[in-house]
Every structure is written in structure tokens, then in C-alpha cells.
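The values are calculated or read from the model by the stated rules, or taken from the named source; none is laboratory data. Model, not experiment: these values are computed from the prediction. Glycine also receives a Cβ, built like all others from the backbone with ideal geometry; neighbour counts cover every protein chain displayed. Please note that ligands, DNA and RNA were not included when accessible areas were found on the heavy atoms of the full protein model with its side chains. Shrake-Rupley method; radii C 1.70, N 1.55, O 1.52, S 1.80 Å.
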Amino acid sequence: MSTGELTYAEALAALEARGRFGIRLGLGRVRALLRALGDPQASVRGGLVAGTNGKGSVIALAGAALRAAGYRIGETPKPHLVTYRERIVVDGRPIGADAFARLVEAVVPVADRAAPRLGPPTEFELLTAMMFCHFADARLDLALVEVGLGGRLDATNAWDGGVAVLTNVALDHTDRLGSTIPAIAREKAAIVKRGDRAVTGADGEALAIVRRRCARLGVPLSVAPPAPVLGWSRDALTVELPGLGATEVGLRGRHQAANAAVADALLDALDEAGLASVPADARRRGYRAARWPGRLELLDVPDPRGGTREVLLDGAHNPAGADALASALDDLRPFLAGGTDAPPAPLVLVWAAMADKDVAGTITAVGRSAALRGATVVCTAPDLPRALAPDALAALWMRAGVSELTARTASSPDAALDAALAVGGGPVVVAGSLYLVGAARARLVDDPALRDPLAA
């Protein structure tokens with residue numbers, strides 16, 4: 001039960017009333033709201049991380065290293081998988097339900113009167129203001145903040161932490177950010193502000209735009225190409241990092257070599273900015289211990305027929321993410337159940353997609369994985385207006401050209417998981433939508449820190 005006037009359930013309802021799916025880009029409302037709250041963001045320093053893919057992984061890696069070095073840090077994973085409270089994290093733990101309710105109670109009335117001419121702040125803008133209020137009260141050493149969408153007009157860009165990071169640029173959210181790599185890169189590079197230090201893993205046209213932005217503002221830029229991959233196992237990737245040599249990364253997939261390089265360069269930039277100094281030993285321990293729920297997260301769950309079953313959760317929902325998933329499936333398959341059989345035990349996929357995404361491109365990208373030969377895909381849809389119908393999704397899979405693929409449909413994520421666990425004995429892969437991954441994780445992982453007291 002919340003100690004304020006609002007229970008957690010009431011606070012959640014007040015927040016969701018702002019429209020979970022409403023997006024109105026612009027900085028006017030959030031700046032007015034933060035100003036009315038006393039500009040809590042002004043007391044927080046750290047890194048603002050933008051990019052098409054890899055933002056959360058970079059924050060997970062850098063955050064783990066900072067904690068290993070003894071720093072008290074705030075993080076803002078997006079989107080949440082199970083509870084809104086995942087979006088406001090201090091020292092690796094999500095904000096408590098009572099504290100969340102108190103923040104909603106404090107911020108919503110201010111939001112209603114902060115800037116009437118600009119319209120009411122959106123849900124994401126409220127969450128951004130709540131996050132900065134909590135971080136200011138928590139007396140952090142620094143924060144790692146993930147951009148929501150784009151950069152230039154994203155609510156998080158009302159903050160200047162001192163270090164700006166752009167992981168990479170690929171085609172996504174083209175309806176809002178532009179239909180070309182240069183257009184999207186300009187939107188994302190706008191998080192770089194005069195006086196910052198900047199880090200990027202971008203290349204090609206996107207890198208050229210980041211370079212121009214930094215040169216115009218006189219901002220030092222560190223370009224971090226992917227770290228050389230030395231090998232991998234079921235649970236770790238080994239890469240070569242400057243000054244560290246062979247380093248284990250606790251996040252799966254060879255694409256994490258790029259994220260590890262950016263995270264390491266982010267730590268260097270924080271050091272150069274005088275914000276944090278993370279020695280080599282803490283970096284190694286942090287990178288090895290890093291975890292990022294729902295991103296190539298491997299679970300061993302009870303099999304209804306006895307024993308356990310491997311379930312791999314991954315949030316890939318655009319072609320670039322799906323390409324990384326395809327490579328990871330091929331790399332990991334020998335280490336998973338039935339992977340050394342001849343032929344390997346077929347995979348079972350549970351897949352959902354939002355209709356406003358490049359669904360065909362995403363399926364084509366992941367469909368290149370040799371590990372999908374003979375797979376069964378159970379297509380489903382979360383209960384959301386944007387979700388693509390399972391029948392339409394199954395039709396796209398059947399046109400993807402995957403050898404010996406079987407597609408079926410299920411009416412809900414729960415029904416799809418039940419169907420997948422009843423097929424064969426090979427690993428189950430849940431992907432295509434973070435909403436689907438969140439629903440699966442809520443069912444399969446019993447994490448007391450993520451239980452919401454909705455009855456309170």
C-alpha cells in the first residue's frame with residue numbers, strides 16, 4: 001500500500017490515462033514540466049544514449065562496470081517488459097511501488113498546470129520527469145539515460161549529462177524520423193550538445209553526420225568500431241578490448257562486440273569528463289556480470305512433459321535486430337539442446353509483430369538463419385491495437401522461404417507459449433515484439449522485484 005493518497009494501482013491508472021501509445025515529439029512540454037518541478041535534471045550528470053539498436057545493451061554493460069567500481073548509478077531501460085517500474089532503476093534495482101506511486105502523485109498535478117498552452121505532457125514525458133526527480137533525490141554519482149525515440153525532440157534531450165552516445169543508425173520509426181539513414185542520423189546526433197564529449201559506433205553516412213555535428217559544436221568525438229570477437233559459449237562472448245585484452249561479456253550474440261566497444265568508450269568519455277573513473281578490473285567484472293532481460297536471454301523453464309526446456313527471449317523487432325538474432329541463433333545452436341544431433345532438433349518460434357513495423361523485412365532477416373531449417377513458428381498477437389493479426393503474420397512467414405518451415409497461429413501469447421512447449425524438444429525462441437517478450441517473461445520468470453501490487 002502506498003503511504004501517500006494514491007495506491008500503486010491508482011498511480012498506474014493515472015499514468016496510463018495519459019495514453020501509453022500516444023507520441024507527441026517536442027521539448028516544450030517536458031522543459032516546462034521540469035522547470036515547474038525545480039529542474040531536478042540539473043543535479044544529475046552522466047551519459048545520454050541514443051541509437052537504433054544496442055542502447056539498452058550499452059547501458060547494461062557500462063552500468064555493470066560502474067557498479068563494480070563502486071558507483072551509485074541510475075539507469076532507464078526502455079521499454080519496460082513487465083512493469084513500468086523497470087524504467088527507473090537505481091543500483092540495479094527498479095523503483096519500489098510505493099516510491100513510484102508517490103512520484104506520480106507529486107508530478108501529475110504539476111503537469112496539469114505546467115504549460116497549458118502546449119497541451120498536457122505525454123505519458124513518456126511524465127515518466128521522464130519522474131525519473132529525474134527520483135534520480136535527484138537518490139543522490140546518484142551519475143546516470144545512464146536511454147533516449148526513447150530519435151533524439152532531437154525526445155523528452156530525454158531536455159537533459160545534458162555531459163556525455164552523448166549514439167550506438168548506431170538503421171532504418172526504424174521512419175514515419176517520424178525520416179526514410180533515409182542520413183535523416184535518421186541527424187535526428188539522433190542532435191543529442192550532442194556544446195560542452196559534451198561524444199561517443200559513437202555508427203559508420204558510413206551516419207558517422208559522417210555525427211562527425212559534422214561534433215565539429216560544428218567543438219565536441220570531442222570517440223569512434224568505437226566493433227571489438228574483435230575471439231569466441232563464444234552458451235552464456236558469454238569473448239572480445240578484445242583496448243587496454244583489457246581478452247574480455248568476457250555476459251550478453252549473448254556477436255553483435256554485442258559492437259555494444260561492448262561503445263560501452264567501453266562511454267566509460268572512457270565519463271573519465272575524460274571527470275565524472276567517473278572505472279579501472280580495468282572493474283570493467284572486466286562488470287562486463288562479465290552484465291545482464292539485459294529479454295535480449296537473447298536464455299531461460300530453463302519447466303517442460304509440461306517433464307524436465308526442463310530452453311526458452312530464448314529476444315526483443316528483435318526490426319531488420320537490423322533480426323539480422324543480429326539470426327547470427328546469434330546460428331552461433332548458439334551447437335550449445336543448446338539437441339544442437340549436436342544430426343540433424344539438430346528443430347527450433348520452435350513464438351512470434352508477434354506490430355503492424356506499423358517492417359514486419360516482412362524483419363522476418364526475411366531472421367529467416368536467413370540456418371538454425372531455422374525445419375522450425376515451427378507459432379504466430380500470435382498481444383492484445384494491442386497495433387498488433388498484426390496472427391493469420392497475416394503466418395502468411396508472411398510462409399513466404400519467407402525458410403526450408404521446411406511450419407507456421408501455425410495462436411490467439412494469445414499464453415496460448416502460443418503453451419503450443420510451443422508442446423512441440424518437439426528443441427529450444428523455444430520468443431521474438432518479434434518486446435510486448436510479446438514482456439508477456440512471456442512475466443509468465444516464465446518469477447522476480448519478486450517486478451511484482452506489482454495491483455490489488456493495493
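Tabulated values for the structure
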{"item": "Gain in span if fully extended, residue 386 to residue 43, counting 0.36 nm per residue against the direct Cα distance", "result": "119.7 nm"}
{"item": "Mean Cα-pair separation over length for segment 254-395, i.e. relative contact order, pairs under 8 Å, 6 or more apart, %", "result": "18"}
{"item": "Binned Cα-Cα distance frequencies in segment 337-409 - 10 Å width, integer %", "result": "21, 50, 23, 6, 0"}
{"item": "Packing rank of 440-451, 347-358, 304-315, where each peptide gets the mean count of other beta carbons within 10 Å, highest leading", "result": "347-358, 304-315, 440-451"}
{"item": "Calculated Rg and Dmax of segment 399-456 using C-alpha coordinates, Å", "result": "14.6, 51"}
{"item": "Packing-based ranking, highest mean first, of 322-329, 205-212, 53-60 given that Cβ atoms within 10 Å are counted", "result": "53-60, 322-329, 205-212"}
{"item": "Built amide H within the under 5 Å cut-off of residue 429, gap 5+", "result": "312, 348, 349, 350"}
{"item": "Spin-label model distance (nm) - residue 335 vs residue 403, 7 Å beyond Cα toward Cβ", "result": "2.5"}
{"item": "Carbon + sulfur, % of accessible area of the chain - ligands and nucleic acids excluded, 1.4 Å", "result": "51"}
{"item": "Inverse mean reciprocal Cα-Cα distance (Kirkwood Rh) of the chain, Å", "result": "22.6"}
{"item": "Ordering of 411-419, 27-35 by burial proxy (mean other Cβ atoms within 10 Å per residue, highest first)", "result": "27-35, 411-419"}
{"item": "Local electrostatic count, residue 285, Cβ distance below 14 Å [Lys/Arg +1, Asp/Glu -1]", "result": "+2"}
{"item": "Positive-end residue, the chain charge dipole about Cα centroid, Cβ charges, pick of 106, 355, 275", "result": "275"}
{"item": "Antiparallel DSSP beta bridges within the chain, percent to nearest 5", "result": "35"}
{"item": "Estimated FRET transfer efficiency when R0 is 30 angstrom, pair residue 179-residue 234 (beta carbons, to 0.05)", "result": "0.15"}
{"item": "Residue (of 227, 217, 244) at the positive-pole extreme of segment 210-267, dipole from beta-carbon charges", "result": "217"}
{"item": "Cβ charges +1 (Lys, Arg) and -1 (Asp, Glu), total dipole of segment 372-456, debye", "result": "240"}
{"item": "Degrees between helix 97-114 axis and first principal axis of the chain (Cα, 0 to 90, nearest 10)", "result": "60"}
{"item": "Unit charges on C-beta of K, R, D, E only; dipole of segment 115-172, Debye", "result": "180"}
{"item": "Net charge contributed by nearby residues that have their C-beta within less than 15 Å of residue 96 (K/R +1, D/E -1)", "result": "-2"}
{"item": "Kirkwood-Stokes translational diffusion coefficient of segment 56-171, alpha-carbon pairs, 25 °C, 0.890 mPa s, µm²/s", "result": "163"}
{"item": "Three-way shape call for segment 242-330 based on the alpha-carbon gyration tensor, with the a/c threshold at 1.5", "result": "prolate"}
{"item": "Lys, Arg +1 and Asp, Glu -1 on Cβ, resulting dipole of the chain about Cα centre, debye, nearest 20", "result": "1020"}
{"item": "Placed amide H near residue 143: partners under 5 Å, 5+ positions off or other chain", "result": "45, 46, 47, 74"}
{"item": "Residues of the chain: accessible area per residue with a 1.4 Å probe, Å²", "result": "39"}
